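The values are calculated or read from the model by the stated rules, or taken from the named source; none is laboratory data. The shown structure was predicted, so the numbers you read here are calculated from the model rather than taken from an experiment. Cβ atoms come from the backbone with ideal geometry, glycine included; neighbour counts cover every protein chain shown. To get the accessible areas, we keep the full protein, side chains included, count just its heavy atoms, and leave off ligands, DNA and RNA. Shrake-Rupley method; radii C 1.70, N 1.55, O 1.52, S 1.80 Å.
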Amino acid sequence: MSYDLVIAGGTVATASDTFSCDIGVRDGTIVAMGHDLGPAKETIDATGHLVLPGGIDSHVHIAQPSGDGIVMADDFASGTLSAAFGGNTTVMPFCMQEKGTSLRETVKDYHKLAEGRCYTDVSFHLVISEPTEQVLGQDLPALIEDGYTSFKVFMTYDGLALNDREMLEVMSVARETGALVMVHAENYDAIRFLTDRLERGGHIAPKFHGTSRPIPVEREATHRAISLAELVDVPVMIVHVSNREAMEEIARARSRGLKVYGETCPQYLVLTEKDMDGLNMEGAKYVCSPPPRDTASQQACWEGLSNGIFNVFSSDHCPFRYDDPAGKLIPKGKTSFRWVPNGIPGVETRLPILFSEGVGKGRITLNQFVALSSTNHAKTYGLTKKGSIAIGMDADIAIWDPKREVTISQSLLHHGSDYTPYEGIAVTGWPVTTILRGQVLVRDGQLVGKPGQGGHVARERSALAASAGQLPTSFEPAGRHR
């Protein structure tokens, strides 16, 4: 029996096991695992390399509106190209509803932007900024039924922040429909209060972005988001957690039996608040929210990855250009940290940083790396055919050279940004070949794939998003919207 592709001689790692094995692929699916599998149209020799599930980055921003005069640096072509070179086979961007726009039309618009341009697969989350009766009662439930089974809500940002009542309304729809709620947890009013005071005192440099969003701002919002979710009995994912105090809120919730999940990102492992203190606005290159913290917070986040507080490790890739009138230093951005677009690029460097700093330095195991980089994302968000190497799964595979030494540099990367915040960081371990559904995208560090090779993937409801069923039966979330 012949195969379209055989990957031979490598060391295969899943979230639970590591073993030597060849992999046979037919029609984009893994159909055999063993030794001496027989003839294939193509054989890749993976001797001396690791054969891992393709990375899934469940938190990226691509081609997203970012404010007046601001243009995001990545479209779907450059964003997914960069992802592929970083060992990823699926990314999960956001369809961001702008106020005054239809949620259904927002989804259609994002599909138009992505169609025919993607190197990797994509699967959209929704962003709810205006929870109207139409959205809550009709649009959101229908879209969830169509496979958009997760959505994000913000507790900060002009035009995005939801108040507590709106959060409860949206969460109640999630409980009824089985969707997973992602929460950006920062206290909007506290940030505005601190920002106003800083500006009045003349403290406008990028480094004061961190001062305006201290740890208590994130801790309080995390506690409040969990409390609201507990009231409705709905699981929540607290995204881009940056510090121990917020982690402890998640841990306490779990100790009470609540289904609360956590995510952290590379910027909280290798950057600190000192990076925002550069000369001539250079600190703007590191502005993201929540901001990088201190070395103690870095250590806490590593503990969270090791002990399971964090279920997933994402990039929060949110790319802008630095030397561009429509990028980080828009005219307003030069006047105050308040106006510097929040976000940094990172989809291509996410996995090498985690592998080198985590596996390479003994902070996490190789199997934990697979779970945090791929398997847990698939399980959390209902990507039932992805995230593992097993018979019947999509043949989404990344082949890694675990000994390759690379110094991260903008010149090596493929994103649309004109800088990387990780410039100069030396890593050991690098993805060299990326395969999507049995088709090679990147071979030995060279692009062989084409735009349009990837497409949108609808998702199932995840078991992790199911409520615990602890509320009285008389409570009927979202019923009044029907």
Practice task
Being surrounded by fewer than 17 Cβ atoms within 10 Å (Cβ to Cβ) and either of a type in the set (S, T, N, Q) or outside any helix (DSSP H, G or I) (or both) is the filter; apply it to region 135-176 and report the residue that is farthest from the chain's Cα centre (by Cα).
Solution key: Gln138
Problem - Scope region 206-242; condition open to solvent by 10 Å² or more (accessible area, probe 1.4 Å), of a type in the set (Asp, Glu) and part of a helix (DSSP H, G or I); matching residues - result: Glu220, Glu230
Practice task
Could you tell me which residue of region 106-120 is nearest to Gly452 (Cα to Cα), considering only residues that are part of a helix (DSSP H, G or I) and either of a type in the set (A, V, I, L, M) or open to solvent by less than 90 Å² (accessible area, probe 1.4 Å) (or both)?
Solution key: Ala114
Completion exercise
Residue count, region 269-297, condition open to solvent by 30 Å² or more (accessible area, probe 1.4 Å), in a helix (DSSP H, G or I) and not aromatic (Phe, Trp, Tyr), comes to 11
Practice task
Kindly provide the set of residues from region 391-418 that are out of contact with any strand residue (DSSP E or B) (no Cβ under 6 Å at 6 or more places or on another chain) and among the β-branched types (Val, Ile, Thr), ordered by number.
Solution key: Ile408
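Could you go through region 74-93 and let me know if any residue there is without any contact (Cβ under 8 Å) to a residue 40 or more places away in the chain, over 21 Å from Gly327 (Cβ atoms) and either open to solvent by 30 Å² or more (accessible area, probe 1.4 Å) or β-branched (Val, Ile, Thr) (or both). Before you say what the answer is, go through the steps one by one.
Within region 74-93, the subset without any contact (Cβ under 8 Å) to a residue 40 or more places away in the chain is 93.
From what's left, over 21 Å from Gly327 (Cβ atoms): none.
No.
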Exercise for the section: Please give the number of the condition Thr43 fails out of (1) more than 16 Å from Thr433 (Cα to Cα); (2) open to solvent by 50 Å² or more (accessible area, probe 1.4 Å); (3) part of a strand (DSSP E or B). Expected result: (1)
Practice task
Return the residue satisfying two criteria in turn: it lies in region 177-219 and is among the β-branched types (Val, Ile, Thr) and under 22 Å from Glu460 (Cβ atoms), and of such residues it is farthest from the chain's Cα centre (by Cα).
Solution key: Thr177
Fill in the blank from the handout: Pairs returned, first residue in region 315-339 that is free of Cβ contacts under 8 Å to residues at least 24 places away in the same chain, second residue that is open to solvent by less than 20 Å² (accessible area, probe 1.4 Å) and outside any helix (DSSP H, G or I), beta-carbon separation under 8 angstrom, 6 or more apart or interchain, are Trp339/Ile330
Problem - Test: Pro65 is buried (at least 24 other Cβ atoms within 10 Å of the Cβ) and not polar (S, T, N, Q) - result: no
Fill in the blank from the handout: Expected output for region 40-51 (first residue in contact (Cβ under 8 Å) with a residue 40 or more places away in the chain, partner among the charged types (D, E, K, R) and open to solvent by 20 Å² or more (accessible area, probe 1.4 Å), Cβ below 6 Å, 6+ apart or cross-chain) is His49/Asp401
